[in-house]
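Below you'll find the structure, written out as structure tokens, and then a few comments.
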Amino acid sequence: MSLVDPARRVLSGMRPSGQLHIGHYHGVLKNWIRLQHTYECFFCIVDWHALTTDYAEVGQISENVMDMAVDWLAAGVSPSSATLFIQSQVPEHAELHLLLSMICPVSWLERVPSYKEQQEQAHGKDLGTFGFLGYPLLQAADILIYRAGVVPVGGDQLAHIEFAREVARRFNHLYGREPGFESKAEAAIVKLGKKTAALYTNLRRAFQEQGDVEALETARALLKDQQTITLGDKERLFGYLEGGGKVLLPEPQPLLGEAPKILGLDGRKMAKSNHNAIFLRDRPDDIEEKIKRMPTDPARVHRTDPGEPQRCPVWSLHQLYSSEQTRAWAEEGCRSAGIGCLECKAPLIEAVQQELIPLQARAADYQDNPDLVRRILAEGAEHARVEARETLTEVRHALGLNYR
Ligand code: TRP
Ligand code: SF4
């Protein structure tokens with residue numbers, strides 16, 4: 001029995017879109033960098049996911065993967081704390097995807113909201129493929145193969161995590177019934193010690209007989225804190241609570257970042273495809289140019305016209321980059337027409353440039369040493385494979401695919 005604690009394990013993935021922008025930095029990477037010190041983190045460059053929508057233009061993939069890896073590393077995602085790897089270098093993801101596809105109803109995939117939405121917005125791309133339909137299942141496999149309990153994502157991914165939970169539940173329900181499960185679970189209860197065992201039994205009864213969901217939550221919290229029983233027994237007791245079997249694939253939880261949404265130069269969401277992004281590797285004079293050209297509150301036609309920061313995309317940058325004092329200065333100056341827009345932008349230009357200087361120095365080092373980046377990714381994949389294989393061994397077993 002392996003010693004995985006899902007609650008301590010993080011997995012997240014990012015499509016290889018090439019160089020990253022400050023929206024990725026503040027919205028995602030800073031969160032990862034915080035998590036890598038307290039959790040066992042797996043960060044995956046999901047190159048197969050890129051193929052689910054962009055199978056017709058594959059020329060850029062490897063360059064995009066390298067660019068993204070450089071930016072992760074430059075931002076401070078650390079290979080000595082976290083495991084960084086490329087999805088396609090861990091082919092075990094594909095095997096789990098295949099095996100899960102056997103039990104995944106097509107209707108579940110069709111009702112994932114992004115399926116219809118993205119097809120409608122696909123601008124000439126044909127997304128009527130099997131791969132595109134199945135990509136939430138591929139994402140589920142990415143997570144479940146590491147038995148990761150914690151998945152840091154943006155709000156747009158919540159439906160995918162919920163989907164992964166449903167797939168895990170169905171899998172556990174179908175295959176978690178080992179021979180003698182009940183007696184093993186009862187034996188595990190005894191190992192909890194008298195007091196805890198009684199508490200567990202009562203809470204389980206309250207849930208199973210009266211559908212008391214609070215009791216279920218309390219019992220789960222109780223189990224989580226148990227240090228004395230093995231993880232195998234813990235999985236059994238989690239499963240026994242709901243009446244099913246052993247938890248082979250734990251259900252992951254989403255972890256939403258608290259970073260404010262960062263707006264692009266034009267006030268829409270910052271995205272490469274919107275051509276409104278400040279990239280982490282933009283040169284200082286490009287940053288200055290981009291910010292100077294940003295549109296502001298349309299009410300400020302003349303320098304003497306007062307404005308309202310709430311209607312200005314520049315304000316979202318102040319919220320991210322400026323001290324309370326600078327923000328008060330900008331707000332007051334804007335509403336009273338005491339300052340001009342270029343004045344208002346000056347401290348931001350400085351702040352963004354300063355923030356990116358050390359990051360760009362590190363990016364340059366990695367760019368000059370692509371073999372180092374490749375080695376980091378290869379070592380990451382090697383480590384990820386060890387963990388992935390352990391899960392697959394159990395999964396194969398559960399499915400009756402054991403030939404020795
Ligand atoms: N689908 C995610 C996105 O488009 C990327 C992704 C793939 C992912 N696999 C994942 C995110 C696993 C979290 C966990 O952003
Ligand atoms: Fe925007 Fe600042 Fe100009 Fe006001 S003064 S409109 S906040 S750039």
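Ratio of region 100-157's C-alpha Rg to 2.2 N^0.38 Å, to two decimals?
On the way: Rg = 12.7 Å, N = 58, 2.2 N^0.38 = 10.3 Å.
Compactness ratio reported: 1.23.
Here's the picture: charge each Lys and Arg Cβ at +1 and each Asp and Glu Cβ at -1 in the chain, and of 64, 277, 218 the one pushed furthest to the positive end of that dipole is 218. Beta bridges per DSSP, both residues in the chain: antiparallel share near 10 percent. With both labels modelled 7 Å from their Cα along Cα-to-Cβ, the residue 120 to residue 173 distance reads 3.0 nm. Multiplying the residue separation of residue 94 and residue 396 by 0.36 nm and removing their Cα-Cα distance gives an extension gain of 107.4 nm.
In the full protein context, the chain carries 50 Å² of accessible surface per residue, based on a 1.4 Å probe and ignoring ligands, DNA and RNA.
When Rg and the Kirkwood Rh are both derived from Cα coordinates, the Rg/Rh ratio for region 264-384 amounts to 1.13.
Determine the share of region 181-242's accessible area contributed by carbon and sulfur atoms, expressed in whole percent, with a 1.4 angstrom probe.
Details: 1880 of 3640 Å².
Heavy-atom surface of region 181-242 belonging to carbon and sulfur, 1.4 Å probe: 52 percent.
Peptides 235-241, 101-107, 324-330, 308-314 ranked from most to least packed give 235-241, 308-314, 324-330, 101-107, packing being the mean of other C-beta atoms within 10 angstrom over each peptide's residues.
Before rounding to the nearest 500, sum -39500 (n - 2.57) across all DSSP H runs of length at least 4 in the chain and divide by the residue total; then give [θ] at 222 nm in deg cm²/dmol. If you can, show how the numbers build up before the last one.
On the way: 18 runs with 221 residues, N = 404.
Counting only the DSSP helices, I get -17000 deg cm²/dmol.
For the chain, averaging the sequence separation of C-alpha pairs within contact (under 8 Å, six or more residues apart) and dividing by the residue count gives a relative contact order of 22 percent. Solvent-accessible area of region 67-163 (1.4 angstrom probe, protein heavy atoms only): carbon and sulfur portion equals 55 percent. When the listed pairs 195/246; 116/224; 116/269 are checked against a 30 Å cut-off, the alpha-carbon distance exceeds it for 116/224.
Computed over region 190-322, the percent of Cα pairs more than 21 Å apart is 61.
Of the solvent-accessible surface of region 305-386, computed with a 1.4 Å probe over protein heavy atoms with every protein chain present, carbon and sulfur atoms account for 49 percent. The distance between label points at residue 286 and residue 158 comes to 3.5 nm (points 7 Å beyond Cα on the Cα→Cβ vector).
Stretching residue 268 away from residue 214 to a fully extended chain increases their span by 15.3 nm, per 0.36 nm per residue minus the current alpha-carbon distance.
Its Cα centre serving as origin, region 181-242 has a Cβ charge dipole (Lys and Arg +1, Asp and Glu -1) of approximately 300 debye.
Using a Förster distance of 35 Å, how high is the FRET efficiency between residue 63 and residue 37, based on the Cβ-Cβ distance and rounded to 0.05? According to the calculation, E is roughly 0.70.
Label sites at residue 386 and residue 259, each approximated as a point 7 angstrom past Cα along Cα to Cβ, lie 3.0 nm apart.
Its Cα gyration tensor gives the chain an equivalent ellipsoid. The semi-axes, each the square root of 5 times an eigenvalue, are 45, 25, 21 Å from largest down.
When peptides 254-261, 56-63, 14-21, 155-162 are ranked by their average number of other Cβ atoms within 10 Å per residue, the highest-first order is 14-21, 155-162, 254-261, 56-63.
Nearest 20 debye, what's the magnitude of the dipole of the chain about its Cα centre given +1 on Lys and Arg Cβ and -1 on Asp and Glu Cβ?
Working: 46 positive and 54 negative charges, 191 e Å.
Around 920 debye, computed over the chain.
The values are calculated or read from the model by the stated rules, or taken from the named source; none is laboratory data. As the structure is a computational prediction, the values presented were derived from the model and not from experiment. So basically every Cβ, Gly included, is an ideal-geometry build from the backbone, and we count neighbours across all protein chains shown. The protein model used for the area step is the full one, side chains on, heavy atoms only, and it has no ligands, DNA or RNA in it. Shrake-Rupley method; radii C 1.70, N 1.55, O 1.52, S 1.80 Å.
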